[in-house]
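The values are calculated or read from the model by the stated rules, or taken from the named source; none is laboratory data. This structure is a prediction, so every number in the text was calculated from the model and none was measured. Using ideal geometry, Cβ is built from the backbone for each residue, glycine included, and neighbour counts are taken over all protein chains shown. Accessible surface is based on the protein model in full, side chains and every heavy atom, while ligands, DNA and RNA are left aside. Shrake-Rupley method; radii C 1.70, N 1.55, O 1.52, S 1.80 Å.
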Amino acid sequence: MSALLRTRRMTAHNRRQLWTGLLFVSPWIIGFCAFTLYPIAASFYYSLTLYDILTPPRFIGMENYVNLFKDARFRQAVVNQIYYVVTAVPLSLLVAFALALLLNMKLRFRSGLRTIFFLPSITPLVASALIWGWIYNSQYGLLNSVLNSVGIQSVAWLTSETLVKPALIVISLWASGGTMVIFLAALQDVPQHLYDAARIDGASWLQELRHVTVPMVSPAIVFVLITGMIQAFNYFALPWVMTQGGPAGASTFYPLYLYQAGFQFFKMGYASAMAWLMFLVTVIAAIVLFRTVGRWAYYGGK
Amino acid sequence: MANETTRTDEGVPEKNPLTRRTFIMGVGGAAFMAACGGKAIAPKATLPAAAAPAEEAQPTVPPPVVVNENASKSVAFWYGWNTPPQAKAARESIKAFAKDNPDISVKLTTGAQVDTKLIPAITAGNPPDVSHLFSAVPLAARNALMALDEYLDASEIIKADNYTEAQWNAVTWEGKRYAVPSLENGPRIGLIWNKGLFKKAGLDPERGPATLDELLQYHEKLTEVDKNGNVRVIGFDPRDAMASSEGFFQWWASANDVDYYSADGKTLNINDPKLIEGVQFVADIYKKLGPEKIAGFRNSYGTWTGPDSSFAQGKQAMQINGYWTPGELKAGGDPNQKYAYGWLPVASKEKFMLYGGHSMAIPRGAKDPATAFKLIEFFTTARAGQIMFDNTGFLNGNKEFFNQGSFRFAPDVKWFLTAGQESKVKAASPTPIPVFEEVRTRFESGVDEVVRGKRTAKNMLDELQSQMQKTLDEQMGS
C-alpha cells in the first residue's frame, strides 16, 4: 500500500511491476472481496435490521444488540460459552503438554504411542459424538456399567445440568492429540546443552521443567492458547449432535444459539448481531492474551 | 530458522529476517484470520475439535430420481423423508404420476432437508417446483410460497369438502391457501398402550385410563426401576410423541377448551391458566420419578415410534400419538408387542380429534406452477394415497381415500379414522402461527427448567408469551 501511495515517485518499471503483481494476486483479491469481505460487511448491515432471509431487511438500528442483553437464553449461552472457554482451553493445553512431555521421553513403542494419542484428533466429529454418546449412555454406557459393577448408581452424564458441560469438555481433552504434536515439535527444538547445563548445576526434573522447558516452549504455549481460545469460541458441532443444547439449556453454547436464531427462528438480523458481538469479544480476548501472556513468552531470536 | 545468521559473499553477517517470533506471530495472525473467516484454512492441530457446520451432522441426501427424463415439461420435487419405505413410496408415486403424464418429467429428491435447505433455495431464486412442508404458515407469512387459491378453485381433483376446516387452517394465511394437505396428514391424536405391559402390571389390557388421575396411577404401576436406579420401563412419558412441545399445546388446549392462538394467527395465548396447569401436570410426573432418571431413560431409547424408540421396543407402556403409529410399529417395532388404541384420558365435555399434518406447496420462484400443481393434485388422489399407505402407513389427508382405501397394511389405523368421524375437530396441526418453531424450541427448554424445579410453570409461560408475542408483532410488522 505504501508503494501505491508513493506512485508519483515510482519509476515506470516499478509501476509496471506493481500492476503485474496486483494482476497475479487479483484472483485472490476478488475471491476475498466476494466471499469474505462482502459477507462480513453484509452481516454487519443485517445486524442492524429485522431480517428473516425471505423478505427484505427492515432497518432497526441497534435494537438487535439491545434485545440480546434482555434475552435470558442469550445470557445463558454467554455464561455457558465462557465456562467452556475458561475451562476447556487451559485443561486441553495442560493435557496436551503433559502428553507431549511423556512422549518426548525415550520410551519403547514411542512412535506407536504418539500415533495412538494423535488418532482421536482426526476422528470425524460425528463418529466421536456417537462413540461418546454410547460411553456416556445413562443405562448401558461403558462408564456407568463400570460404576454399577462396583455398586455405584448410574450417573446422568449428558442429562444432568451440572455434568453435561464437564462431559463435553472431557471429549475435547480426548481430542488433544493435534496440540500434543505441536508441543512435541517445540520440545524437540529445546537445545540439549541447556538441560546439560542445568543438570551440572544440580537442577531436579521439576526445576528443569520450570526454568528450561517451559520458557523455551513458551511461544508454542502462547500460540496454542490463542488459537485454542478462538476455536473454543466456535464450539458448535458436538453439543449440536449430542445434546441439542439441553438439558434445560445447560449445553446451549453461543454458536448453537446463534445457529438456532438465524436458521430456525427466522431471525438472521439477530443472529448477525450475535456474530458481531462474538467477533468483538474474540478480538479483544486475543489482544489481551497477546499483551499479557504473549509478553511472558521467551523468543530466543530477539 | 530462528537465530540463524547467514553471511553475504563478503563474509558480512546478514541477519535472517525470519525469526521464531516473527514466524509465531505470522502463523497466529493467519490462524486468527482463519478463525474469523471460517474453518477453510484453520490449522487442524488446535483444540478443541474444530466446529463443523450443522450440515455435516445431517444424513446424506441420496441422488435425485428422474422419470420421463426427456419430457417437454419438468417438475423438481423435494420430499423431506428418506427411510427406505418412505423413499420407496415417493418413487412409486412419481412413477405412477409419470405413467399418466408422459409429457412431464419429475426429478425427485428424497431426504431433502426441507426445514433447512428450502429457505436458502427460495432466497437464491432456485427453489424446487414442489416441496414437502412440515409446516406451511411460517413460510407463507414470509412470502416464501405461492398462493394456490386460483389453482384450487379450478381443480377438478382437489375438492375442498374432502378436508376438514382444521386441515385447511393449517395451510392458510391471511385468507389465502398456500399449500395442500398431503403426504402425511390425518387424525393425529389418541392414547396407545402396550397390552403386554398392562397385563404384566395386573391391569386390564383392553381398557386404557379414562382420566388424568387414572393415567397417573397406571403410570406408577407400570414404571419399573432397577437396583442401579435406571428406569427399565416407563409407564407414560408426558413429553413424548404428540404430547411433546407443539403437541402439548394442541391436546391440552383442546381438552380444556382453550384457544392458544387467535384465528388470524397473530395473537398468542400460551400462558392461559389451563396451559400452566398442564405444564405443572408434566412437571409433577417428572418430579416423582426424577427428571434425570427419565432423561437417562431417554438417553437410551428414542422417542415417537421409530425402531429405537422405547414404545416400539416395549419399554414404555403408554403414549399419546397419531394415526401413523400402527404403520410405524409394524414397520420397525418389536413384532411380539401388542397394542390397543383409545381416547385421550381427559375429562373433556365432548370427544375431540386433531386433524392436520404435512402438506405440499409451490415455493415462490417456481418456474412452472401450473405443471407443479398437477403433481400436487396427483398426491391427493386415492391412488397415490394407497401407494403411500401401503409402504409407510401414512395417510394423505383426503377423506375420499379415508372412505375407500384399503388399510390391510395397518388395520388399527381405522380406530383413528372412526374416532375422527365420531368427534369434533378442535384444533389444527401444525399450529398456524409464523413463529411457532421458536415457540416450540423455547417451550421445550422452558419445560426442562420447570421439571428440574428451576422455575415455575407460570413464570416460564408468562415469559414465553411476552417474548413470543413481541417477536410475532415485530416479524409481522404489527
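By how many degrees, 0 to 90 and rounded to 10, does the Cα axis of helix B:413-422 deviate from the longest principal axis of chain B?
60
For A:Ala34 and A:Phe69 in one chain, what is 0.36 nm times their gap in residues minus the Cα-Cα distance, to one decimal in nm?
Details: separation 35, 0.36 × 35 = 12.60 nm, distance 3.21 nm.
Net length gain for the segment: 9.4 nm.
What are the DSSP H helices in chain A that stretch 27 Å or more along their long axis, judged by alpha-carbon atoms, and whose average Kyte-Doolittle hydropathy comes to at least -1.0? Before the final figure, lay out each step's value.
Details: long enough: A:12-32 (29 Å, 0.34); A:72-103 (45 Å, 1.48); A:214-233 (28 Å, 1.92); A:268-296 (41 Å, 1.46).
Passing helices, by number: A:12-32, A:72-103, A:214-233, A:268-296.
Taking Cα atoms of the stretch A:13-56, Rg/Rh with Kirkwood Rh, to two decimals? Write down the numbers at each step before the final one.
On the way: Rg = 16.8 Å, Rh = 12.8 Å.
Rg divided by Rh gives 1.31.
If r is the Cβ-Cβ distance from A:Leu102 to B:Asp264 and R0 is 51 Å, what FRET efficiency results, to the nearest 0.05?
On the way: r = 67 Å, r/R0 = 1.32.
Computed FRET efficiency for A:Leu102 and B:Asp264 comes out at 0.15.
Using the 2.2 N^0.38 Å rule of thumb for compact globular proteins, work out how the stretch B:239-300 stacks up: its C-alpha Rg over that value, please.
The reported ratio for this selection is 1.29.
Can you give me the solvent accessible area of B:Thr431 with a 1.4 Å probe, rounded to the nearest 10 Å²?
0
For the stretch A:179-247, which semi-axes, largest first and in whole Å, follow from the square roots of 5 times the eigenvalues of its Cα gyration tensor? Could you put the intermediate results ahead of the total?
Details: eigenvalues 285, 29, 17 Å².
Those come to 38, 12, 9 Å.
With equal scatterers on the alpha carbons only and no solvent term, can you work out the Debye log10 of I(q)/I(0) for the stretch A:120-249 at 0.12, 0.14, 0.21, 0.22 1/Å?
Here log10 of I(q) over I(0) equals -0.66, -0.78, -1.15, -1.23.
Given 4 °C and 1.567 mPa s, compute D for the stretch B:339-409 with the Stokes-Einstein relation, Rh being the Kirkwood radius over Cα pairs; round to the nearest whole µm²/s. Could the numbers behind the result be given before it?
Working: Rh = 14.8 Å.
Value of D from the Cα-based Kirkwood radius: 87 µm²/s.
If you line up the long axis of helix B:291-300 against the longest principal axis of chain B, both from Cα atoms, how many degrees apart are they, to the nearest 10?
80
For the stretch B:279-299 and the stretch B:116-182, what is the separation of their Cα centres, given in Å?
Value for the Cα centre distance between the two parts: 38 Å.
What quantity of accessible surface, computed with a 1.4 Å probe and excluding non-protein components, is buried in total between chains B and A, in Å² to the nearest 100? Please report the intermediate quantities before stating the final value.
Details: alone 22900 and 18510 Å², together 35400 Å².
Approximately 6000 Å² gets buried when B meets A.
Ignoring ligands, DNA and RNA, how do A:Tyr298, B:Tyr163, B:Tyr341 rank by accessible area with a 1.4 Å probe, largest first?
Working: A:Tyr298 105, B:Tyr163 10, B:Tyr341 35 Å².
The ordering from most to least exposed comes out as A:Tyr298, B:Tyr341, B:Tyr163.
Taking the alpha-carbon centroid of each part, what is the distance from the stretch B:430-468 to the stretch A:223-240 in angstrom?
One Cα centre to the other: 30 Å.
Which value, in Å² rounded to 10, gives the accessible area of A:Val85 with a 1.4 Å probe and all protein chains present?
20
Mind checking the full-extension length gain between B:Met476 and B:Ala154? Use 0.36 nm per residue of separation minus the Cα-Cα distance, one decimal, nm.
On the way: separation 322, 0.36 × 322 = 115.92 nm, distance 3.05 nm.
So the chain would gain 112.9 nm between B:Met476 and B:Ala154.
In the full protein assembly as shown, how much of B:Asp161 is accessible to a 1.4 Å probe, in Å² to the nearest 10?
The accessible area comes out at roughly 130 Å².
Going from the alpha-carbon gyration tensor of chain B, what semi-axes, largest first and in whole Å, does one get by taking the root of 5 times each eigenvalue? If you can, show how the numbers build up before the last one.
Details: eigenvalues 393, 225, 110 Å².
Those come to 44, 34, 23 Å.
Restricting everything to alpha-carbon atoms, can you work out Rg to Rh for chain A with a Kirkwood hydrodynamic radius?
Values: Rg = 24.7 Å, Rh = 23.2 Å.
Computed over Cα atoms, the ratio is 1.06.
Largest first, what is the accessible-area ranking of B:Asp240, B:Asp412, B:Asp462, A:Asp201 with a 1.4 Å probe? Don't skip to the end; give the middle numbers.
Numbers: B:Asp240 0, B:Asp412 70, B:Asp462 50, A:Asp201 135 Å².
Result of the area sort, largest leading: A:Asp201, B:Asp412, B:Asp462, B:Asp240.
How far apart, in nm, are the 7 Å Cα→Cβ label points at B:Lys349 and B:Asn70?
Here the answer is 6.7 nm between the modelled labels.
Show B:Glu184, B:Glu214, B:Glu92 ordered by accessible area, largest first, where the area counts protein heavy atoms only and the probe is 1.4 Å.
Working: B:Glu184 10, B:Glu214 40, B:Glu92 70 Å².
I get B:Glu92, B:Glu214, B:Glu184, largest accessible area first.
Please give the calculated 222 nm ellipticity per residue for chain A, where each DSSP H segment of at least 4 residues contributes -39500 (n - 2.57) and the sum is spread over every residue; nearest 500 deg cm²/dmol? The partial results should precede the final answer.
Working: 16 runs with 203 residues, N = 302.
Taken over chain A, the calculation gives -21000 deg cm²/dmol.
What does the accessible area per residue of chain B come to in Å², with a 1.4 Å probe and no ligands, DNA or RNA counted? Could you put the intermediate results ahead of the total?
On the way: 19860 Å² over 478 residues.
On a per-residue basis, chain B sits at 42 Å².
Go through B:Lys293/B:Lys330; A:Lys267/B:Lys470; B:Lys88/B:Lys159; B:Lys349/B:Lys458; B:Lys195/B:Lys221; B:Lys176/B:Lys367 and tell me which ones have a Cα-Cα distance over 18 Å in this structure.
Details: B:Lys293/B:Lys330 29 Å; A:Lys267/B:Lys470 13 Å; B:Lys88/B:Lys159 27 Å; B:Lys349/B:Lys458 25 Å; B:Lys195/B:Lys221 14 Å; B:Lys176/B:Lys367 21 Å.
From the list (B:Lys293/B:Lys330; A:Lys267/B:Lys470; B:Lys88/B:Lys159; B:Lys349/B:Lys458; B:Lys195/B:Lys221; B:Lys176/B:Lys367), the Cα-Cα distance tops 18 Å for B:Lys293/B:Lys330; B:Lys88/B:Lys159; B:Lys349/B:Lys458; B:Lys176/B:Lys367.
For the stretch B:183-259, build the convex hull from the C-alpha positions and give me its volume per residue in Å³. It would help to have the intermediate numbers written out before the result.
Working: hull volume 10.9 nm³, N = 77.
Spread over its residues, the Cα hull of the stretch B:183-259 gives 142 Å³ apiece.
Mind giving me the FRET efficiency for A:Thr55 and A:Ile152? R0 is 45 Å, r the Cβ-Cβ distance, nearest 0.05 is fine. Present the calculation step by step, with values, prior to reporting the outcome.
On the way: r = 55 Å, r/R0 = 1.23.
Working from the Cβ atoms, E equals 0.20.
May I ask for the Kirkwood hydrodynamic radius of the stretch B:83-203, worked out over all distinct Cα pairs and given in angstroms to one decimal?
Details: mean 1/r = 0.0575 Å⁻¹.
Evaluated over the stretch B:83-203, this radius sits at 17.4 Å.
Nearest 500 deg cm²/dmol is fine: what mean residue ellipticity at 222 nm does chain B get from its DSSP H runs of n ≥ 4 alone, each adding -39,500 (n - 2.57), divided by its residue count?
Roughly -12500 deg cm²/dmol at 222 nm, from the helical runs in chain B.
For A:Ser145 and A:Ile287, what is the calculated FRET efficiency with R₀ set at 41 Å and r taken between the beta-carbons, to the nearest 0.05?
Working: r = 47 Å, r/R0 = 1.15.
Result of the calculation: an efficiency of 0.30.
Starting from the exponent 0.38 and prefactor 2.2 Å, build the expected Rg for the protein assembly as shown from its residue count and divide its actual Cα Rg by it.
Working: Rg = 30.6 Å, N = 780, 2.2 N^0.38 = 27.6 Å.
Relative to the rule-of-thumb radius for its length, the protein assembly as shown sits at 1.11.
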